[in-house]
Amino acid sequence: MDDERTNQDKLEVEFNGSCLCGGVTFTLEGRFESFYLCHCSRCQKGTGSLYGANLFSNNLVLNWRRGEALLKTYQVPNTRHKRCFCKVCGSPMPYRLEALNLVVVPAGSLDVEVPIAPTARLFMAELANWGEKLQSVPGFELLPE
C-alpha cells in the first residue's frame with residue numbers, strides 16, 4: 001500500500017524541463033493523464049523519428065522559467081497538429097492545445113523521469129516500415145566501435 005501511495009504521489013508534483021541548448025526552461029505543476037506514442041506521418045516528420053512521445057494533461061500548469069522568447073510554434077494548416085520548439089536548438093517544447101483544453105509535453109523535454117508508462121501507440125497504420133521488428137535489432141550501451 002505504501003508503494004502504491006508513493007507512486008500516486010509522484011503523479012501530482014512539479015516537473016522541470018528544458019531544451020537541448022538550455023536556453024528554454026520550464027516547470028509543470030499537476031499530473032499527466034496520458035502518454036501517447038504517435039506513429040502518424042506528421043509526428044514522424046516533426047520528430048525525424050519513428051513516433052512522437054507526448055504526455056497530455058488538462059490540469060497541468062505550464063510556467064516558462066527562462067527563454068520563452070526563444071520559442072517558435074508551428075501549426076499544420078486546418079488541423080490541430082501543432083509543434084512548439086526552441087528556435088536555437090530545435091528541441092520540441094510543451095504547448096497548450098486550446099481547442100482540446102490540453103497541455104502537450106514532449107516526454108524527452110523533461111529533466112526528470114517520466115512518471116507514467118505509455119498509455120497507447122496511435123496511428124499504427126502509419127508505422128514506418130523501418131520501425132517493425134525492432135526487438136531483433138542489436139543494442140549497445142554506447143556507440144559501437
Residues of the stretch 62-98 classified as within 20 Å of Gly30 (Cα to Cα) and either free of Cβ contacts under 8 Å to residues at least 40 places away in the same chain or of a type in the set (Ser, Thr, Tyr) (or both), total: 5
Single residue of Arg42, Arg80, Arg96, Arg121 found to be open to solvent by 70 Å² or more (accessible area, probe 1.4 Å), over 17 Å from Glu14 (Cβ atoms) and part of a loop (DSSP other than H, G, I, E, B): Arg80
Criterion violated by Glu132 - all others in (1) under 17 Å from the mean Cα position of the chain (by Cα); (2) of a type outside the set (Ser, Thr, Tyr); (3) open to solvent by 50 Å² or more (accessible area, probe 1.4 Å); (4) farther than 16 Å from Phe26 by Cα satisfied: (1)
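Every residue, every condition in (1) modelled with pLDDT under 95; (2) within 20 Å of Leu122 (Cα to Cα), yes or no:
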position	(1), (2)
Asp2	yes, no
Gln44	no, yes
Ala53	no, yes
Val76	yes, yes
Residue in the stretch 52-67 that is in a strand (DSSP E or B), under 25 Å from Val13 (Cβ atoms) and open to solvent by 90 Å² or more (accessible area, probe 1.4 Å) present: yes
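The values are calculated or read from the model by the stated rules, or taken from the named source; none is laboratory data. This one's a predicted model, so the numbers in the text were calculated from it and none came from an experiment. Cβ atoms come from the backbone with ideal geometry, glycine included; neighbour counts cover every protein chain shown. Areas reflect the complete protein model, heavy atoms only, side chains present, ligands, DNA and RNA absent. Shrake-Rupley method; radii C 1.70, N 1.55, O 1.52, S 1.80 Å.
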